[in-house]
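Any read-out appearing in this document is the output of simple, stated calculations on the displayed coordinates, not a laboratory observation. For clarity, every value in this text was computed on a predicted model and none was experimentally measured. In this analysis, Cβ positions are derived from the backbone assuming ideal geometry, glycine residues included, and neighbour counts consider all displayed protein chains.
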Amino acid sequence: RVYNFADMQKYTSSPSPDRLIIDVREPSEFEAGYIPGAINIPIKSQPDAIFLPEEEFEDRLGFSKPELDKEVVFYCRSGVRSSAAAQLAKQHGYKNVAEYRGSWLDWEKQGGEVAK
């Protein structure tokens with residue numbers, strides 16, 4: 001499933017406990033600004049994160065591993081890393097996987113709210 005800017009705006013203004021927005025950029029990119037409500041699982045420096053056992057995931061990233069039944073929506077800077085992350089999530093057993101293909105560049109260009 002692919003989401004656009006309007007979808008993402010809706011999801012950030014009315015968050016759902018059943019949906020997680022996951023920023024797969026590196027921590028330095030994430031700290032510079034991210035989509036409100038997003039969590040950071042960097043795919044380049046932590047490519048195996050989604051495959052880690054829960055305890056190790058939490059030790060490494062500092063928060064609980066997303067449950068397999070949650071909807072996970074991936075984005076990055078331009079849509080390349082998020083596509084890779086979506087594929088990894090599907091391989092790991094996530095059923096409800098989506099991508100925001102426009103990613104951060106689209107979010108910024110369209111004037112989306114920036115969290116820091």
Name the single residue that is surrounded by the most Cβ atoms within 10 Å (Cβ to Cβ) among those in the range 19-44 being of a type outside the set (Lys, Arg) and within 19 Å of GLN91 (Cβ to Cβ).
VAL24
Among the residues of the range 57-93, how many are hydroxyl-bearing (Ser, Thr, Tyr) and in contact (Cβ under 8 Å) with a residue 40 or more places away in the chain?
2
Within the range 1-45, restricting attention to residues that are small (Gly, Ala, Ser), free of Cβ contacts under 8 Å to residues at least 60 places away in the same chain and part of a loop (DSSP other than H, G, I, E, B), which residue is farthest from ALA85 (Cα to Cα)?
SER14
